[in-house]
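Input: a single structure, listed below in structure tokens.
The values are calculated or read from the model by the stated rules, or taken from the named source; none is laboratory data. All values reported here derive from a predicted model rather than from experimental measurement. Cβ coordinates were reconstructed from backbone atoms using ideal geometry, including for glycine residues, and neighbour counts include every protein chain displayed.
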Amino acid sequence: MRARNSRLSIIIVSVFAAIFLVMSIIGGIQDLTAHTAPIETAGDGEVIEYNAYYAEEVYEITHRLFGFIPTRHEHFYVIVGEYGANEYIVLASEKWVKDNFPSNGFSDSPVHITALLRRTAPKNGLNTREINNLLSDSDISINEYLYADIGYKTAGVFKITAGVLIIVIAALVITLVRLHALQMLNSKVGTAATSVLIVSILALAVILVWFID
């Protein structure tokens with residue numbers, strides 16, 4: 001009975017790992033190969049480009065591990081260009097904004113924005129309707145269904161990296177199982193494989209906690 005339960009557990013874990021592997025790699029490739037579309041007609045999964053002169057933070061999300069351990073913060077900005085505020089709020093790092101808009105949110109020269117449009121995700125804490133309520137006095141209205149991600153290429157790389165790590169971890173587990181069967185788990189090869197497995201698992205955990213919602 002225990003053997004059957006163990007096999008079932010392995011099958012379930014393998015299925016979820018395979019699904020995660022496929023989704024990570026496909027998602028990463030989609031991010032890195034997204035094509036640019038005119039900002040007036042662009043939709044989910046397309047890249048927009050425009051010039052901006054001012055950025056102001058309007059929303060911050062704190063992500064928490066297990067619901068209470070803070071892991072990272074996401075900052076959303078209203079970006080103002082030559083023709084006024086853009087309808088898409090922009091997800092960007094504080095450092096990026098400080099580097100590009102150093103004078104209290106202003107820039108002396110136009111800052112070229114390249115960002116990927118993504119669907120808003122209320123389950124992750126992004127409440128665009130609340131943001132629009134906050135902006136109602138300023139006559140600024142944002143798109144409640146899409147936001148623009150400045151760091152989409154970095155996210156794409158990390159998604160693909162996560163998929164590769166799944167393959168590496170699976171290969172190492174298979175190797176260690178075989179070494180155990182040959183009573184070579186404590187050999188130099190077994191020790192090295194174990195060390196690489198631990199590092200790979202930790203790297204995957206960091207990506208999951210910090211970069212993938």
Does the range 114-125 contain any residue that is surrounded by fewer than 17 Cβ atoms within 10 Å (Cβ to Cβ) and over 21 Å from the mean Cα position of the chain (by Cα)? no
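Any residue at all in the range 188-205 that is modelled with pLDDT under 85, surrounded by 15 or more Cβ atoms within 10 Å (Cβ to Cβ) and not assigned by TED's automatic domain parsing to the domain that holds Ala92?
Going residue by residue through the range 188-205, those that are modelled with pLDDT under 85 are none.
Within the range 188-205, not a single residue is modelled with pLDDT under 85, surrounded by 15 or more Cβ atoms within 10 Å (Cβ to Cβ) and not assigned by TED's automatic domain parsing to the domain that holds Ala92.
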Restricting to the range 154-213, and then to whatever is in a loop (DSSP other than H, G, I, E, B), touching a helix residue (DSSP H, G or I) at 6+ places or on another chain (Cβ under 8 Å) and of a type in the set (A, V, I, L, M), can you tell me which residue is nearest to Thr33 (Cα to Cα)? Ile212
Subset tally (residues that are of a type outside the set (A, V, I, L, M, F, W, C) and either in contact (Cβ under 8 Å) with a residue 12 or more places away in the chain or not assigned by TED's automatic domain parsing to the domain that holds Ile160 (or both)) for the range 170-187: 1
Quick one: in the range 99-113, which of the residues that are among the small types (Gly, Ala, Ser) and either in contact (Cβ under 8 Å) with a residue 12 or more places away in the chain or closer than 16 Å to Glu82 by Cα (or both) is surrounded by the fewest Cβ atoms within 10 Å (Cβ to Cβ)? Ser109
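Can you name every residue in the range 128-151 that is of a type in the set (Phe, Trp, Tyr) and not in a loop (DSSP other than H, G, I, E, B)? Let's see the steps before the verdict.
Keep residues of the range 128-151 that are of a type in the set (Phe, Trp, Tyr), which gives 145, 147.
Within the range 128-151, just Tyr147 meets the criteria.
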Inside the range 129-143, can you point out the residues that are more than 26 Å from the chain's Cα centre (by Cα) and either of a type in the set (Val, Ile, Thr) or not assigned by TED's automatic domain parsing to the domain that holds His112 (or both)? Ile140
Assigned to a helix (DSSP H, G or I), modelled with pLDDT under 80 and not assigned by TED's automatic domain parsing to the domain that holds Tyr145: does that describe Phe20? no
Every residue in the range 49-102 that is among the acidic types (Asp, Glu), in contact with a Phe, Trp or Tyr (Cβ under 8 Å, 6 or more places away or on another chain) and in a strand (DSSP E or B), please. Glu56, Glu57, Glu60
Being on the phi < 0 side of the Ramachandran plot, in contact with a Lys or Arg (Cβ under 8 Å, 6 or more places away or on another chain) and touching a residue at least 40 places away in the same chain (Cβ under 8 Å), is that true of even one residue in the range 63-83? yes
Of the residues that sit in the range 127-178 and are closer than 22 Å to Ala92 by Cβ and among the acidic types (Asp, Glu), which one is modelled with the highest pLDDT? Asp149
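Would it be correct to say that Ala115 is within 25 Å of Leu21 (Cβ to Cβ) and in contact with an Asp or Glu (Cβ under 7 Å, 6 or more places away or on another chain)? Can you show your working first?
Details: within 25 Å of Leu21 (Cβ to Cβ): no; in contact with an Asp or Glu (Cβ under 7 Å, 6 or more places away or on another chain): yes.
Taking the combined requirement at face value, the residue does not satisfy it.
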Test Leu146 against the stated conditions and say whether it is farther than 15 Å from Ile25 by Cβ, in the same structural domain as Arg118 (by TED's automatic domain parsing) and not β-branched (Val, Ile, Thr). yes
Restricting the range 31-57 to residues that are aliphatic (A, V, I, L, M) and more than 20 Å from the chain's Cα centre (by Cα), the residue that is surrounded by the most Cβ atoms within 10 Å (Cβ to Cβ): Ala55
